[in-house]
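Have a look at the structure below before the remarks.
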Amino acid sequence: MFDIKHNTTTEALVIHQKGDLRLDTLPLAPPLEGQTLIRLAWGGICGSDMHYLMHGGVGASVLKEPMILGHEVSGFVEALGPGESRFQVGEAVAIHPARPCGHCPECMRGMRHLCRNMCFFGSAARYPHTDGGFRRHMVVQSTQLHALPAGLDVKAASMAEPFSVALHAIARAGDIRGKKVMVQGAGPIGSLIVAGLKVGGAQSIVATDLHDFALTIAHHLGATAVFNTSQAVHEDEYDIVFEATGASTALSNAIMRTQKGGTLIQVGMFPPGDVSAPLSQIIAREIDYRGTFRFDHEFENALHILANNPWIAAHLITRSFPLEQYSEAFALSMDRKKSSKVILEM
Ligand SMILES: [Zn+2]
Ligand SMILES: [Zn+2]
């Protein structure tokens, strides 16, 4: 049993600058009112974590000070703040990584996930940066904790965050039941979109990627057909297309694969700067081109779908490593020919 009186430090995976990731020992404060101390169990490595390591930033979020990475995390309640009674010590929880301000114009309009003052785990969007959850212990706001539905283990629960991203992207597309859908890019998010489409009742789901390994994962997660676009030209058109590569060169293909009157959802994060694409086709083909960013209430739904469909996390997670082997874990997760979701055991 963890005793806060005797344990006042914890280990955390800190990005100091581009290429400089270290397991540091940091002070640990007891939980205050409204807070809970969590013993972290599992944490998924995300594309944004890899971007901080490789480039020192993601899009406009540039590291200005060391920051703890990780936002796809689950764990166990270790100690409760004063007066806290919603959770019990020892209970397994998934942690919603977002803390919106609650009073900005976006929060007031009910779009909390687009909060302009958002504190999101492991993000340098704000200064001081918001630390993430790749650590042995952390104190979190109790409102960010979600109990696990029956049948969901704490390892699979760490996938609630990326699956919420996928479910929000699908919600942006409107009604998907009976639709012909293409998912361009079968990385972890693209593959989770495939899984969400299958559970949601899409008629057919075609996944495309440059790597066969990714396509195998997408197939396991419910793709009815897969195309390796490095090997074959693919010219069909779809009711709905999800662009999940974020490669600026991939947008023109996504537009041309969306049928007239269809919907194109931009999921992948483009690199900074302008992207060139045949936008006149958006007009002439009457395409609805929509963005999707993070998620909000989808988190609870993600937990329930993961609990009822254990095959999703089982196929998505291709490898796990103990926290101290973070170098190997990050190296493998960057190799798309050999891995999909790699997770850290804390
Ligand atoms: Zn993520
Ligand atoms: Zn706000």
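The values are calculated or read from the model by the stated rules, or taken from the named source; none is laboratory data. As the structure is a prediction and not an experimental result, all values here were calculated from the model. Here the Cβ positions follow ideal geometry from the backbone for every residue, glycine too, while neighbour counts run over all protein chains shown. All accessible areas refer to the heavy atoms of the entire protein, side chains included, with ligands and DNA or RNA removed. Shrake-Rupley method; radii C 1.70, N 1.55, O 1.52, S 1.80 Å.
Worth pointing out:
- Rolling a 1.4 Å probe over the heavy atoms of the protein chains gives the chain an accessible area of 44 Å² per residue.
- Estimated translational D of the range 53-183 in µm²/s (Stokes, Kirkwood radius over Cα pairs; 10 °C; 1.306 mPa s): 95 µm²/s
- Spatially proximal aspartates and glutamates relative to K341 (Cα-Cα < 13 Å; intrachain offsets below 8 disregarded): D49, E72, E161
- Nitroxide proxy distance, nm - points 7 Å out along Cα→Cβ at D335 and N228: 1.8 nm
- Coordinate range along principal axes, alpha carbons of the chain, Å, largest first: 65, 41, 40
- Full extension of the chain between R116 and F270 yields a length gain of 53.4 nm, computed as 0.36 nm times the residue separation minus the alpha carbon distance.
- Across W42, W311, the residue with the most accessible area heads the list, and the full order at a 1.4 Å probe is W311, W42.
- Distance histogram for the range 12-98 (every C-alpha pair counted, 5 angstrom bins, percent rounded to whole numbers): 3, 13, 19, 20, 17, 13, 9, 5, 0
- Shown are V181, V226, whose ranking by accessible area with a 1.4 Å probe and every protein chain present, most to least, is V226, V181.
- Computed over the range 293-341, Kirkwood Rh from alpha-carbon pairs, angstrom: 12.8 Å
- Extended-chain gain in nm, criterion 0.36 nm per residue less alpha-carbon gap, R177 and N308: 45.2 nm
- Net charge of neighbours whose Cβ lies under 11 Å from the Cβ of Q259, counting Lys and Arg as +1 and Asp and Glu as -1: +1
- Residue order by solvent-accessible surface for R39, R290 is R39, R290, largest first, with ligands and nucleic acids left out and a 1.4 Å probe.
- In order along the range 123-136, the Karplus-derived 3J(HN,Hα) couplings, from 6.51 cos²θ - 1.76 cosθ + 1.60 at θ = phi - 60°, round to 10, 9, 4, 10, 10, x, 5, 9, 5, x, x, 7, 7, 5 Hz, and Gly and Pro are given as x.
- Taking every alpha-carbon pair within the range 166-291, the share separated by more than 23 Å comes to 21 percent.
- Measuring only protein heavy atoms, the 1.4 Å probe finds Y326 accessible over about 40 Å².
- 3J(HN,Hα) from dihedral phi, the range 267-274, Karplus parametrisation 6.51/-1.76/1.60, rounded to Hz, x for glycine, proline: 9, x, 8, 6, x, x, x, 7
- Candidate cross-link partners of K64 among the lysines, defined by an alpha-carbon separation under 20 Å and a same-chain spacing of 8 or more, comprise K18.
- Contact order relative to length of the range 166-291, as percent, for alpha carbon pairs under 8 angstrom and 6 or more apart: 23 percent
- When a 1.4 Å probe is rolled over the protein heavy atoms, the share of accessible surface on the range 158-203 that falls to carbon and sulfur comes to 51 percent.
- Annotation: the antiparallel percentage among DSSP beta bridges lying fully within the chain is about 60.
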